[in-house]
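One structure below.
The values are calculated or read from the model by the stated rules, or taken from the named source; none is laboratory data. Model, not experiment: these values are computed from the prediction. Cβ coordinates were reconstructed from backbone atoms using ideal geometry, including for glycine residues, and neighbour counts include every protein chain displayed. The protein model used for the area step is the full one, side chains on, heavy atoms only, and it has no ligands, DNA or RNA in it. Shrake-Rupley method; radii C 1.70, N 1.55, O 1.52, S 1.80 Å.
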Amino acid sequence: MKKLWFPLLLLSMPALAQDRMTPEMLWSLKRVGGEELTPTRKSVYFSSRQYDWKTEKSSTKRYLLNIAKGTAKEWTMPEGKTIFQRSADAWYSMDDKAIYSSTDKGKNWKQFASLEGADNVRVSPDGKYIAYSKEVLVLPVNGTDIYKDLPKTTLQAYTDLNYRHWDTWEDGKFSHIFIMNVATGATKDIMKDEPYDAPQKPFGGGEDFVWAPDSKGLVYVCKKKVGKDYAQSTNTDIYHYDIKTGNTTNWTAGMMGYDMAPSFSPNGKRIAFTSMKRDGFEADKTDIYVMDYGKATAGKLNLTAGWDGHAEGFIWDSTGSSIYFNAPIK
């Protein structure tokens, strides 16, 4: 092996010298980004961005890749629209405040709804509701919010040690989840008057709340603690909001660490999520749990209990019988 390895190493050196990375070569490389799987999970949308190092401008092309065949077909994004969701029955796009829907894969669009100041917009599978997040004032901190007759005051009134979260000052506003009835336009803050954030701060996004496949409920992640208790705790929980009754239930009560990343199986019968065991320990092992969807008392199965490793992310397979996950090894 030594006699073979040394000549091979020498032969590779000239090739490496000829193919050195240059700034021009780096700029010419295309940046590929995955967007999402199709509802059938047989194809995937992705984008390819290329920069012109002379003009410092970029151009983006989008493709639909057939996973089985490995062939890609280019498609064009509708002008002026940003697609934020592709469902089995419709695509959804947002342009400023207006939300549009298309039932023919982006060829024709019609206005679906209108929202102002909305983030992380998610349309229910049946198309009847829209969930989104928006900041609302719950605990006034700024003097102008506390003393309406003093519009020039610069006072900030803090009554708890948790006056700053990472690089952001507490201003008394919290990110709440709202649900709008498309037919009536009625909107409801499902966390009304609660001094908690969903999605979580500072890194949470649309992955922190997901619609149930039957559109009868919404599952979201939240750490319902305030002040010093909030700062010291890592105990997030997964909550279920029932559309019909308006009731919210904690589905991971008694699980004391991070409960995150809720994801429904394709058939909607089960929900999986990640969880850490201990409160206050950010570097605890992350396990993947599965439970039957429908009631908080359903048993929770730890799929990775017997595996001495850390699960960083997961996805259901198309049948709902298996889960793929990422993990660092050695």
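Looking across region 135-146 at every residue that is in a loop (DSSP other than H, G, I, E, B) and at pLDDT below 95, the one that is surrounded by the fewest Cβ atoms within 10 Å (Cβ to Cβ) is identified as PRO140.
Taking the listed residues PRO213, PRO199, PRO195, the one that is open to solvent by less than 50 Å² (accessible area, probe 1.4 Å) and in contact (Cβ under 8 Å) with a residue 60 or more places away in the chain is PRO199, with no other qualifying.
When only residues in region 55-106 that are aliphatic (A, V, I, L, M), in a strand (DSSP E or B) and closer than 22 Å to VAL182 by Cβ count, which is nearest to the chain's Cα centre (by Cα)? Filtering first and then ranking leaves ILE83.
Against the test of being open to solvent by 80 Å² or more (accessible area, probe 1.4 Å), at positive phi and either free of Cβ contacts under 8 Å to residues at least 24 places away in the same chain or touching a helix residue (DSSP H, G or I) at 6+ places or on another chain (Cβ under 9 Å) (or both), the options LYS295, LYS330, LYS277 yield a single qualifying residue, LYS330. Considering (1) open to solvent by 50 Å² or more (accessible area, probe 1.4 Å); (2) in contact (Cβ under 8 Å) with a residue 60 or more places away in the chain; (3) of a type in the set (A, V, I, L, M, F, W, C), the lone condition that PHE112 does not fulfil carries the number (1).
Selection of region 217-229 for residues being farther than 15 Å from TYR258 by Cα and surrounded by fewer than 16 Cβ atoms within 10 Å (Cβ to Cβ) yields only LYS228. The C-beta contact set for region 149-166 (first residue surrounded by 10 or more Cβ atoms within 10 Å (Cβ to Cβ), second residue part of a strand (DSSP E or B) and not small (Gly, Ala, Ser), distance under 9 angstrom, 6+ apart or interchain) comprises THR153/ASN142; LEU155/ASN142; GLN156/ASN142; GLN156/TRP169; ALA157/ASN142; TYR163/GLN156; TYR163/TRP169. In summary, strands (runs of 3 or more DSSP E) completely within region 201-295 and bearing 3 or more residues that are over 21 Å from ALA311 (Cβ atoms) occur at 217-222, 237-242, 248-250.
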